[in-house]
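First the structure, in the form of structure tokens, and then the observations on it.
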Amino acid sequence: MRVTTVGVVGAGAMGSGIAALAASAGCRVVLLDIPGDADPASPNRSAPAKNGLAKAIKSKPASFMEAAAVARVRVGNTDDHVSWLAECDWICEAIIELAEPKQQLFARIEALMKPTAIVSSNTSGIPMATLLEGRSEKFRRRFLGTHFFNPPRYMHLLEVIPTPETDPAVIGAMNGFAERTLGKGIVIAKDVPGFIANRLGVYGMVATMRRMQQHGLTIDEVDGLTGSLIGRARSATFRTGDLSGLDVLAHVTKGIGAATGEDFALPTWVHEALVGTGKLGDKTGGGFYSKTKTGTLTFDWKTTSYVPQQRLEGGDIRQAIRLPIAQRLPVIKTLPGAQGAFVRDHVVDAAHYTLTLASQLAHDIVAIDRAMEWGYGWEAGPFQVMDALGIDWLREQFKAEGLDVPPLLELAQGSFYKNGEYLTFDGQYEPLPAIPGRISLAGLAQSGRVLEDNGLSRLIDLGDGVACFEFRSKMNSLGQGVLEGLEKSLRKVEKLGFNGLVIGNEDPRAFSVGADLSLVSFAVSAGAWDDIEASIRTFQDAVMSIRRAPFPVVVAPAGMTLGGGCEFTLHADAVQAHAETYMGLVEVGVGLLPGGGGTKELLMRFTSELQNYEEVDLFAAVKRAFKLIAFATTTTSAFEGRAFGFLRDRDRISMNRDHQLSDAKQRVLDLAPGYLPPIERTVRALGREGIGNLEYALWAAKEGGQASAHDVRVGRAVAYVLCGGDGSPRDVTEQDLLDLEREQFLSLLGTKETQERIAYTLKTGKPLRN
Ligand code: NAD
């Protein structure tokens, strides 16, 4: 059961997002919506699906991972083109949240689907049994729920809801496809209102608001107490509400309340003063918070007006947030005043609700924790939070509140998780179900697989003769410590006779933000020019040592991969990038050029692609590299990285971050037999004439007001390296180009404007235009 062609019905927020994700992953996609006009001859028949696609193309953050993926989506309408679904391996229904139209659609799909097709519903809460009314047994075997989160590209969680009749092979095929091809984290949920994540997440929102009112706290106080402090997303309660939309919150609470008979009512001020007046959150420019030119305002629920934001910045809380979760949560037990009372009440409410419902929502507690981590961005799921608070403390709190002690709590012997096992609903401890394909560096490190460690980087044994070099500095910036660690690690891998090396990490934000600018700035102010030259040389040597190593080196970037981080990636034998990789040579922003081999590598790469063809204009290669560097082009995905030339055809992309390190390890093993390091290359450099052409472009940009005098100076330095200096055309080696990079880097660093740019960026994190 291989899924290559996907049919999505309903081109709204979710359907168009799911279509964009599947197309980005490489599937052919059919996207249908209702007809836009009853007249069969009307040109607007497929307008709703076309509009849905157009919105997805323009959406921010982007729904598509690259422009080319749009062409993989064919749009149509459910009257004229429903037959297209007959080709699809997976048909996903994402239409209006009403049972009847969904049932009618499934009846039509049943009549035409391939016998091997999988059909799923993206419903947020209509029971699967209701959706399946009137369907044949054959259809029922091929049907399940697939609950994506908005936006589908970025939210890792996919709740899969099989029915008792779903063929286990269908569940396996759907999970495999969603995990590997779409990159989702799968959690199997039971068929109950709100499934796992929304049931607990939305309950948490409603309960928080009630406790806030009871203790008389402000929205600012509550967000300060219900975010990182208790292991939740940094956006805490109300920022999360603004992000997802207050109308969605109102709709979902109403739906879950009606379906469960539980009280999910939001306070009246949410309906009357916010939803009722169109203040729906970020999408309308205001909700619980409102951003103005003079700063952020916070909604004051007591007066139903906005007041200047007053972040909760108590010293105790700020200090606690820096602690690991197991030490951080106990801090709330003694937090004084109304804030302390509120946060204790809140975690006790959440724990009690979760314990009471857990076995109705999921098959195990691990699914519940993963659902909250992947769907709501919690650092730790509810059972991990309970472990950090302590079973005995919770029992006392329940008793003090007059609540029953849920049996699941009594089953736990000391904690829900221990020694790599978790508590089952039967009271047994069983090994944690592995996340398929996941290598955990932290886990390996804990089990003694560290081969080298200097505090800023470490080398970990991944098994099968493959090691992983992991950056460990702040935002994985690259300084002396990391480079020394790399050198030592390369020697160690060679000495151990390993098959090869992966360079990667598990940081959710950045593979690496590049060279450590604070060190550069410090050396400049001390006038230590010889030291600076030596450090650039060390950086270049480090990057080249990746190429020269006698074993394969596979770099695995994910998230921000900037400047030096990008240069590391460019020098790998092969790259195994995560789909969400944002890479670029951004040095011009601080008035520098890529001096760690980045300028050289782009030129070499683009020129060698062309120079086998006779009479080709090599300036095209120079211009391509120049544009990427001079505009500090940063990709919005790894697919774009490939389109721009940062990645080559032989470089690969993992859709699922959890698979990336094992994919990279496998790549090392594929490359290892008979591996030979690449030999030194030469390319034809254009010299003076090439520089002249680029200077003309720089001059035009300055005349047009798009570039400052210093931008031109920086641009000229880039041009100088890319053309191999300003002599006659000549063949240049990699080392020639590295020498030019170093020379031009130092000369730019000597200018007042570049030094100002660096100082400004270090202070504000933003680029300075001077
Ligand atoms: P939406 O209103 O943005 O889009 C629904 C689309 O379906 C519209 O374009 C509409 O024209 C089309 N449609 C309606 N009836 C149709 C029919 N009979 N045939 C074909 N197309 C039809 O809604 P959405 O937010 O994309 O939600 C779609 C589904 O996904 C719902 O079941 C919803 O509960 C569920 N869901 C939504 C979210 C979310 O955050 N928005 C999250 C998870 C699941």
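The values are calculated or read from the model by the stated rules, or taken from the named source; none is laboratory data. Source: prediction; values computed, not measured. These accessible areas exclude ligands, DNA and RNA; they are computed on the full protein's heavy atoms, side chains included. Shrake-Rupley method; radii C 1.70, N 1.55, O 1.52, S 1.80 Å.
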Can you run phi through the Karplus equation (6.51, -1.76, 1.60; θ = phi - 60°) for segment 225-230 and list ³J(HN,Hα) in whole Hz, with x for Gly and Pro?
9, 10, x, 4, 3, 10
Residues meeting the amide H criterion for Tyr306 (H placed from the backbone, H to H distance under 5 Å, 5 or more places apart or on another chain) are Asp300
In whole Hz, the Karplus estimates of ³J(HN,Hα) for segment 533-548 (6.51, -1.76, 1.60; θ = phi - 60°; x where Gly or Pro) are 4, 5, 5, 5, 4, 4, 4, 4, 4, 4, 5, 5, 5, 5, 5, 8
Rounded if a/c is under 1.5, else prolate if a/b is larger than b/c, else oblate: which is segment 379-422, with a ≥ b ≥ c the root eigenvalues of its Cα gyration tensor?
prolate
For segment 47-178, what is the percent of antiparallel DSSP beta bridges, rounded to the nearest 5?
40
Give me the angle, in degrees from 0 to 90, between the Cα long axis of helix 688-703 and the longest principal axis of the Cα atoms of the chain, rounded to the nearest 10.
50
Stokes-Einstein D for segment 353-413 (37 °C, 0.692 mPa s, Kirkwood Rh from Cα pairs), in µm²/s, comes to 270
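Just for the chain, what percent of DSSP beta bridges are antiparallel, to the closest 5?
Details: 36 of 81 bridges.
Of those bridges, close to 45 percent are antiparallel.
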For segment 152-285, calculate the relative contact order in percent as a whole number, restricting contacts to Cα pairs under 8 Å that are 6 or more residues apart.
19
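Please work out the average accessible area per residue across segment 5-188, using the 1.4 Å probe convention, and give it in Å².
38
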Show me the three semi-axes of the equivalent ellipsoid for segment 5-188, from the C-alpha gyration tensor (sqrt of 5 times each eigenvalue), largest first, rounded to whole Å.
23, 21, 14
Distance from the Cα centre of segment 602-672 to that of segment 536-576, in angstrom?
13
What are the ³J(HN,Hα) couplings of segment 641-657, residue after residue, when phi is run through the Karplus curve with 6.51, -1.76, 1.60 and θ = phi - 60°? Round to Hz, x for glycine and proline.
x, 6, 4, 7, x, 6, 10, 9, 4, 6, 7, 10, 10, 9, 6, 9, 4
Equivalent-ellipsoid semi-axes of segment 410-537, from the Cα gyration tensor, Å, largest first
39, 19, 11
Summing -39500 (n - 2.57) over the DSSP H runs of n ≥ 4 in the chain and dividing by its residue number, what mean residue ellipticity at 222 nm do you reach, to the nearest 500 deg cm²/dmol?
-13500 deg cm²/dmol
Can you tell me the orientation of helix 734-749 relative to the chain, as the angle in degrees between its alpha-carbon axis and the longest Cα principal axis, to the nearest 10?
80
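Of all DSSP beta bridges located in segment 197-431, what percent are antiparallel, nearest 5?
Expressed as a percentage, antiparallel bridges in segment 197-431 total about 100.
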So what's the Cα pair-distance distribution over segment 476-605, bin width 5 Å, in %?
2, 10, 20, 24, 20, 13, 7, 2, 0
Solvent-accessible area per residue for segment 594-698 (1.4 angstrom probe, square angstrom):
46
Rolling a 1.4 angstrom probe over the protein heavy atoms, how many square angstrom per residue are accessible across segment 242-386?
47
Between segment 471-518 and segment 362-432, what is the separation of their alpha carbon centroids in Å?
36
Counting only residues 5 or more places away or on other chains, whose amide H sits under 5 Å from the amide H of Gly185 once H atoms are built in the peptide plane?
Leu157, Leu158
Glu452's amide H: which non-local residues (gap 5+, or another chain) put their own amide H closer than 5 Å, with H modeled 1.01 Å from N in plane and none for Pro or chain starts?
Leu459
Gyration tensor (Cα) of the chain, equivalent ellipsoid semi-axes in angstrom
47, 33, 28
Calculate the translational D of segment 197-431 in whole µm² s⁻¹ from Stokes-Einstein, where the hydrodynamic radius comes from the Kirkwood formula applied to all Cα pairs, the temperature is 25 °C and the viscosity 0.890 mPa s.
133
On the accessible surface of the chain, probed at 1.4 Å with all protein chains in place, carbon and sulfur together account for a percent value of 53
